[in-house]
Amino acid sequence: MRNHPLRRAVVSALLGVVAASGQYFDLSTNGDGSVVYFTTQHARSQSNEPLQGRIYRFVDGRLELFAAREKDMPAPAVPGTLTLSNYYDLRFPSVSSDGGTIAFMGSRLCSGSAACAGVPLQASTIRLPDGGEIEVLGRVTVSPNGRYALREGGSPFVSSGVLNLETGVETETPAIDSAGFARGTRIADDGTLVKADGRIVLYNSGAARALTKSTEEEVSQAVIDAEARTIAYVSRWPTYPETAFTRLRILDIATSESRTLVEGLGEFAEPHISADGARVLFRSTCRFDDSGSVGPPQLFVVETDGSGLVQLTTAAEGVQSAVLSGDGLIAYAVTGLGRLIRIDVESEVETELIPRTVTASSAGLGSTAFAGPSAPGSLASLTGAGLVEEPLPASGFPLPERLGSFRLLLNGQPAPLLSVTPYEVIYQVPSELEGNPPGSAIELRIETSAQDYRSPFQPILVGATLAPALRPSVIPISGEYGSVGGYGFPLSLAADDEYRLVTVANPLSPGDIVHAYATGLGAVEPSVPTGEPAPIDGPVSRAILSFQCGTSWTGVPVLFAGLAPGFVGIYQVSLQIPAGLPRESSVPGVIQVSCRHLDERLYGGSFEFHFPIED
């Protein structure tokens, strides 16, 4: 890993796969934007509240608690029997245009029995204009006019459906997973539901209508206007090089015709469409100028006729989530510093409602950039918001234990820091944690400056996590280097034998040597001091555990497995691709190499690489 293109690709992979983790989420606003609802787990300042979801709202500039429930977890009558809490952990407020109908979801805990696997754990409360309430299982989103409620079951034993709140009649729909939900309006005033799972499908009164083909584009995050005339969605072309980035498109429901609204060299996310279908709010990393550059996601609006593209935010820390009022005139957003802001779309005037609020994900080691807990010595990441006020990269080796005023402590042991941004820390898991048995508790604590701290909520600086087990995790390559259309896994970060990036434009050939990159392969010999890179010219540090790799038809020789020279906490696995490939592949243009360590007593030791290869 010596040349600069590969080094840039590693940095891009580290920074590109971490999801935002904010303090204020699930934003929902009414038709004129006069009220905004949101969820937070933060306790109010100078209170002893536990960390759990509560729903607040801003009304005429005043912060109000809208809904909260005290946790009630009874002691089991008999040890080992099923015990359920109340639905105390609140999320997902959804409000109608007139503010008269409001829904929110509560989650509960289940313990003490294997029967918990069959117990519904989410239920929603729908507050009606007449003061009545309806309780239903799953998550609920209300239509703009408040007549319909889209109910997402979220599990095999809770169905999904569209509930008519006036008649009480519910029409069952195909299963809807909240993880794939767009954050904007998904149900129109006549009960029409839009669903995007590779293609766009409309459901109305139980009838389904497909509007796009998954072979032509890969779609997600579809939202619909109140009158069920226009859909806005995020799209990706299915073939390289166009597949490298997403774009924003709209679809005319009457004609089933789609057209691109905005595109560029970057990513698009979280579209929101006004009630009349005339305006779309979205986040994008694109900079729509002659530079062709990308940056932290900012907030934009555009008219659905393609005119009036305006960048609403310029926050250096980027925007994590947003919402648009039904009339399209007011937007609310949460930035990477944990600020909640209100934006007048016409005048572009921004008003801060909540200043910087510091939070760190309590997932810690279990929420690494590489999809699994990392072993001591590996790189990992911690997400949050407001962690620092501006990005702070490490400038040399050994990696420092402090960047600016920021430190991360695991059981009191400082972690070497590769970089800190307002919303993410990339760090090396201290090798001193090797003595902690996998699954044992570890305290995670951050130290950071919050001078002139004015937030009405307490910062979250301490969390708990579990000591990681050996669990190798493959580093994916950023989408800007290409992907294979219709393929369900990201391609792996890899270099050929001349240390050139392996991409769709530079695929492997049968018989090639490839160097792939991962984390979590465990201890090496000789060891490398914490915070130091593996030597480039010195002796290589090989993984102590042996690994075996192969394809579905033959073994793949492992030439080397150990620390990647020149990097901290990243492992290199060098393989030789088989010279003879089968005539037919399950995924044309891709070779899958599966690896596992030979000590089956260790948990989570299997991992898979996916490389582009010439047919």
Inset, instruction - Calculate, for the stretch 51-107, the solvent-accessible area per residue in square angstrom, rolling a 1.4 angstrom probe over the heavy atoms of the protein chains. - result: 47 Å²
Legend entry - Highest to lowest packing among 69-78, 109-118, 325-334, 208-217, scored as the average C-beta count within 10 Å: 325-334, 208-217, 109-118, 69-78
Legend entry - Burial ranking of peptide ranges 493-502, 516-525 (average Cβ count within 10 Å, highest at the top): 516-525, 493-502
Inset, instruction - Work out the FRET efficiency for Asp190 and Glu257 from their Cβ-Cβ distance, taking R0 = 22 Å, and round it to the nearest 0.05. - result: 0.60
Legend entry - Phe66, Phe457, ranked by accessible area, largest first (probe 1.4 Å): Phe66, Phe457
Inset, instruction - Report the accessible area of Ile460, computed with a 1.4 Å probe over the heavy atoms of all protein chains in place, in Å² rounded to the nearest 10. - result: 20 Å²
Inset, instruction - Could you order peptides 135-144, 409-418 by the average number of other Cβ atoms within 10 Å of their residues, highest first? - result: 135-144, 409-418
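The values are calculated or read from the model by the stated rules, or taken from the named source; none is laboratory data. All values derive from a computational prediction rather than experimental measurement. For neighbour counting, all protein chains shown are included, and Cβ atoms are generated from backbone atoms with ideal geometry for every residue, glycine included. We work out accessible area using only protein heavy atoms, side chains counted, and drop any ligands, DNA or RNA first. Shrake-Rupley method; radii C 1.70, N 1.55, O 1.52, S 1.80 Å.
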